[in-house]
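Below: one structure, written as structure tokens.
The values are calculated or read from the model by the stated rules, or taken from the named source; none is laboratory data. Everything quoted here is computed from the prediction, not taken from an experiment. Virtual Cβ from ideal backbone geometry, glycine too; neighbours counted across all protein chains shown.
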Amino acid sequence: MTSPLTSPTKPLRLALDVMGADGGVDTVIEGLSRAYKNGVTAHVTLHGREGEIKTALASRELPNDHISVRHTEDVITMDEKPTGALRRGRGSSMWSAITAVKEGEADGVISSGNTGALMAMSKLQLRMIPGIDRPAITAVWPTKTGGRTAMLDVGANVEATATQLVQFAIMGEAYFRALTGKDKPVVGLLNVGAEELKGHELIRTAADTLRAADPEMAFAGFVEGDDITAGEVDVVVTDGFTGNISLKTAEGTAHMLADWIKEALTGSLRSKLAASLMMPALRELKDRMNPSNSNGAPLLGLNGLVIKSHGGADADGVAAALKVAQNLAAHPFGDEIARTVAKVEARTASSTEGAAAAE
């Protein structure tokens, strides 16, 4: 059995893009402080405007021997298009942090900045694992059974071909195995129904390809939207357009329910008294519903570890992303992706040649 993600046994180095987060430099540095308190041990190089970084560092107690600063003047804004970011972004904190991974100076990079720019810069500098067309962003969802479901893509690719959906399934399986140690993660393709004839031709082709080319995968076929949190499958595969809408809908629903619960428990003296008695359970519920606890989405498929932190993440969210980066940097699941993709390509080619010979 593959071991689940644990604290690394060797010193690791991480590159943190400090600029570009909605909460500013101070939120990112506070997240770094909390990460060290929560067990992060990696050396972290902070990429960004040195003056702002040192001002934020001065007000906090941090292990200075674990931290260094690399000054960059430019910042990629959230509304900048990827093409524009590539043209002018070589002096930016995001580019600098990715370069550290490319040059072997860091084992992984974390950024809260522009997702499209991060994907474009990472793909240009780090390149793709052979056999993988495009990176996919992976998010982890809590399930009602108390477990977790990994979903990809949640925003890197607005559209995906059948071949790319197959690649996403392979990457998601390897990631979930690394995350939990489960030998046979169950994989499902998101569809409008579970029946074999449901959905458009592209997703049906992807399902047929997966069954034929990777018989070792525990493929459950099609799953629907309400299966994402049911805990019936471990990995849900879809295109980035659908995945991102699903993710944002879930986050919005969680915030709405939290507000409703707060209103219901503070609307009268009686409800306030009831809330005081329920406080331990309410704190646990709040913790389970907090998206910050699962922040830190890897861009799978790259020759290097890139973690996307939510732009609006608070300090706890930044700390969670740093912990994810440290743990993933210690696990060679990228090699597993490369091996599995190569096997699937070989089986697909053999099947195609056999069909051509039969004709």
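If I ask for residues that are of a type outside the set (A, V, I, L, M) and either modelled with pLDDT of 90 or more or within 18 Å of the chain's Cα centre (by Cα) (or both), which ones from segment 174-183 would you list? Listed by number, the residues that qualify are Y175, F176, R177, T180, G181. Residue-level check: of (1) charged (D, E, K, R); (2) part of a loop (DSSP other than H, G, I, E, B); (3) closer than 24 Å to H43 by Cα, R90 misses just (2).
Please go through segment 174-202 and pick out each residue that is part of a loop (DSSP other than H, G, I, E, B) and in contact (Cβ under 8 Å) with a residue 40 or more places away in the chain. Give the derivation first.
Pass one, segment 174-202, residues part of a loop (DSSP other than H, G, I, E, B): 181-185, 191-200.
Those that are part of a loop (DSSP other than H, G, I, E, B) and in contact (Cβ under 8 Å) with a residue 40 or more places away in the chain: G181, K182, D183, P185.
If you take the residues of segment 210-227 that are in a helix (DSSP H, G or I) and aliphatic (A, V, I, L, M), which of them is surrounded by the fewest Cβ atoms within 10 Å (Cβ to Cβ)? Taking the candidates together, the pick is A212.
Yes/no per residue for (1) more than 30 Å from T41 (Cβ to Cβ); (2) of a type outside the set (G, A, S); (3) part of a helix (DSSP H, G or I); (4) modelled with pLDDT of 90 or more:
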site	(1), (2), (3), (4)
E105	no, yes, no, yes
I110	no, yes, no, yes
V140	no, yes, no, no
K144	yes, yes, no, no
G172	no, no, yes, yes
R204	yes, yes, yes, no
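When segment 80-112 is filtered for residues that are out of contact with any Ser or Thr (no Cβ under 8 Å at 6 or more places or on another chain) and free of Cβ contacts under 8 Å to residues at least 24 places away in the same chain, the ones remaining, listed by number, are G84, R87, R88, R90, E103, G104. When each of A207, A230 is tested for being among the small types (G, A, S), assigned by TED's automatic domain parsing to the domain that holds L247 and surrounded by fewer than 22 Cβ atoms within 10 Å (Cβ to Cβ), the lone residue that passes is A230. Return yes or no: is S122 closer than 27 Å to D79 by Cβ, assigned by TED's automatic domain parsing to the domain that holds V75 and surrounded by 24 or more Cβ atoms within 10 Å (Cβ to Cβ)? Taking the combined requirement at face value, the residue satisfies it.
For the residues T45, T72, the requirement of being in contact with a Lys or Arg (Cβ under 9 Å, 6 or more places away or on another chain), surrounded by 15 or more Cβ atoms within 10 Å (Cβ to Cβ), assigned by TED's automatic domain parsing to the domain that holds S33 and closer than 22 Å to R34 by Cβ singles out T45. Among the residues examined, M78 qualifies as under 21 Å from the mean Cα position of the chain (by Cα), modelled with pLDDT under 90 and surrounded by fewer than 19 Cβ atoms within 10 Å (Cβ to Cβ).
Among the residues of segment 305-313, are any over 26 Å from I132 (Cβ atoms) and modelled with pLDDT under 90?
There is at least one residue in segment 305-313 that is over 26 Å from I132 (Cβ atoms) and modelled with pLDDT under 90.
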